[in-house]
Structure formats: structure tokens, C-alpha cells
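Notes follow the structure.
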Amino acid sequence: MIIGGAEDRCCGAGVLERFVQLCGGDAARIVVITTATNMPDQVLAEYERVFRRLGVREVRELPISGRADADGDLACAIIAGATGVFLSGGDQSRLRTLVGSRVNEILRERLAAGLVVAGTSAGATALGRTMILGGEGAEVSPSAVRTGPGLGLMPRLLIDMHFGERGRLPRLLSAVTLDPDRLGVGIDENTAICVRGDTFEVLGSGVVTIVDADGATVVHPSADGDPVTLFNVRLHLLPAGCLFDIDARAPAIGPAHARYLPGRSPGAQRSLTGSQRRT
């Protein structure tokens, strides 16, 4: 589960409630990785409160402050006993200490075996093979984004967060032009994608923006500050209930979303789904 940040932590708890359900409900054993934040005690207390309110009895922190911790036996043992791991927000550059570590490897192995992994904000972008470390501005250019190696748990996705709220489409486009094989995924606040195999579902109150540069023409300028030339990039906007096939690079309206399209017949909904796949 990849969350765009600022997720609801109050009544109902939205995407966090789904995370708890996936982790096993009241039988869940959730580990919170607070490495990205400089206020780990406060962040842990906030998530511990919401997870316990959702019925989870076992919540613990995985304290990693340096590479020795990330390669240590204790950290690996804690993850081995979890049904869910949650990476908090903060400064994603702090998460570079996990990249290539034993914790990184065991997360990859256990994810393949059924462990539920979630990241929010900084913890979300770190899940890709490449993570966005920073960058702002209205131009699409190499200088508009800074990237670095990520944890590689979602290797085909290039993830940005707080997306609509902070106007980050130029930043995501800039990142995608540096790695056109990756799907750019911009996630609004209180919004998430839940990935199962090659498909994800959109959850929450906002929109997920997909930037697909597969087959696009990208010409990089001679100077980093100059704009990129970009032809034939595809853009999809997916609210809650929509689905996306990562392998086929195809969006669709899922059953949950179709119920909330008043005035559309089933035939019209099928037509709309086909139209989305061609955009």
C-alpha cells in the first residue's frame, strides 16, 4: 500500500483501516519504521494510537538510526515476526540508510511471501527502485528533480506524493524523463494505491495521476536548467475505485467505482473503460 501522505488518522481511518485489515485485523502484528522522521517518538505514538483504535494489539517500532541497525540481527528478527510493516513520512533522504541493507533484502523476500508493506509520504517514494529526493518548480527539466536509489519493492513505479496539493506534476514528469521505462505515479494526500501482483486499486479521497512515457520521445537539453522536449506521453487520472494494470499499462473503472457513476448504463461504463485504456 502506497500512500500520498496526510492520511486520515481519525474516525474510520480510511486507508489505514484497509491496511490493518490486510495485515490480519485484530491478529495483526505491525512494525513501524520511523527512520525518515526526526520525531520518531511522536510519530510512533500517533500510529500506535490509530492502529490500536482499529483493533491491533501488537504495534512496535523498528528503530533504525544507521547502517549498523539496518544490517543487524535484531531488525531482521523484528520484521520476520510481522504481518505488516509501515514506513512513516519525514525526509526520504534518511531512508537511504536502508537501501541495499539486510532489512531491505528481508523486506523484499517477505513481501514476495505475503507480508503487507505500506509507506506514506517519504516512505511511499522510497518503495520504488528510484526515489524522488526533492525538487520544485514549474518547468520540466533535469534540474527540477533530485533522485536516488530506492528500496526497489515496487521496481516498475516512480512514486511522488502530496501530489495535487503541492503541484508536483512538473517534478514527476522531470523524473520520468530520466527513467522513461518506469511508470510515474503521483498520489494525492489521504489517497493510496493498494498493489496486488500486477494490478493496483485506488483508495481514499483524492486522485492518483499516472504518467506513462513508454514509447514517448524524450530529448534532453545540453544544459540541466533548460526544458526537456517530450512527445506522446500519456496521462491518466484515477479517483478511488479505479484499477490499473501495471503490466499492460492500462487503467480501468473497478466495480466499486462503477457503482458511483449515476446516470450511466453498464454499456456506457464499459465504453468509458475502453476509452480510458486508449488515452
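Annotations
- Test result for residue 136, modelled with pLDDT under 95 and of a type outside the set (Val, Ile, Thr): yes
- Each residue in the range 69-98 was checked for being surrounded by 17 or more Cβ atoms within 10 Å (Cβ to Cβ) and acidic (Asp, Glu), and 2 pass.
- Scanning the range 161-193 for residues that are under 19 Å from residue 219 (Cβ atoms), of a type in the set (Ser, Thr, Tyr) and in contact with a strand residue (DSSP E or B) (Cβ under 6 Å, 6 or more places away or on another chain) returns a single hit, 177.
- Residue match in the range 132-145 (condition: touching a residue at least 60 places away in the same chain (Cβ under 8 Å), within 26 Å of residue 109 (Cβ to Cβ) and surrounded by fewer than 23 Cβ atoms within 10 Å (Cβ to Cβ)): no
- Those residues of the range 1-47 which are over 14 Å from residue 119 (Cα atoms), polar (S, T, N, Q) and touching a residue at least 12 places away in the same chain (Cβ under 8 Å), in sequence order: 38
- Residue 125 being among the polar types (S, T, N, Q), under 20 Å from residue 233 (Cα atoms) and either buried (at least 20 other Cβ atoms within 10 Å of the Cβ) or touching a residue at least 12 places away in the same chain (Cβ under 8 Å) (or both): no
- Single residue of 60, 52, 94 found to be within 26 Å of residue 172 (Cα to Cα), among the basic types (Lys, Arg) and not in a loop (DSSP other than H, G, I, E, B): 94
Residue by residue, here is whether (1) among the acidic types (Asp, Glu); (2) touching a Gly at 6+ places or on another chain (Cβ under 9 Å); (3) assigned to a helix (DSSP H, G or I); (4) modelled with pLDDT of 95 or more holds:
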{"residue": "203", "(1), (2), (3), (4)": "no, yes, no, yes"}
{"residue": "227", "(1), (2), (3), (4)": "no, no, no, no"}
{"residue": "236", "(1), (2), (3), (4)": "no, no, no, yes"}
{"residue": "244", "(1), (2), (3), (4)": "no, no, no, yes"}
{"residue": "248", "(1), (2), (3), (4)": "no, no, no, yes"}
{"residue": "260", "(1), (2), (3), (4)": "no, yes, no, no"}
{"residue": "264", "(1), (2), (3), (4)": "no, no, no, no"}
{"residue": "269", "(1), (2), (3), (4)": "no, no, yes, no"}
{"residue": "276", "(1), (2), (3), (4)": "no, no, yes, no"}
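- Subset of the range 213-225 [surrounded by fewer than 20 Cβ atoms within 10 Å (Cβ to Cβ) and either in a strand (DSSP E or B) or under 25 Å from the mean Cα position of the chain (by Cα) (or both)]: 214, 215, 216, 217, 218, 219
- Some residue of the range 32-41 being among the β-branched types (Val, Ile, Thr), assigned to a strand (DSSP E or B), at pLDDT 95 or above and within 21 Å of the chain's Cα centre (by Cα): yes
- Looking across the range 64-91 at every residue that is outside any helix (DSSP H, G or I), over 18 Å from residue 117 (Cβ atoms) and not small (Gly, Ala, Ser), the one that is farthest from the chain's Cα centre (by Cα) is identified as 71.
- The lone exception for residue 227 - which of (1) touching a residue at least 60 places away in the same chain (Cβ under 8 Å); (2) in contact with an Asp or Glu (Cβ under 8 Å, 6 or more places away or on another chain); (3) within 23 Å of residue 91 (Cα to Cα) it fails: (3)
- Filtered residues of the range 1-31 (kept if among the basic types (Lys, Arg), touching a Leu at 6+ places or on another chain (Cβ under 7 Å) and outside any helix (DSSP H, G or I)): 9
The values are calculated or read from the model by the stated rules, or taken from the named source; none is laboratory data. Please read these numbers as outputs of a predicted model, since none were measured by experiment. Virtual Cβ from ideal backbone geometry, glycine too; neighbours counted across all protein chains shown.
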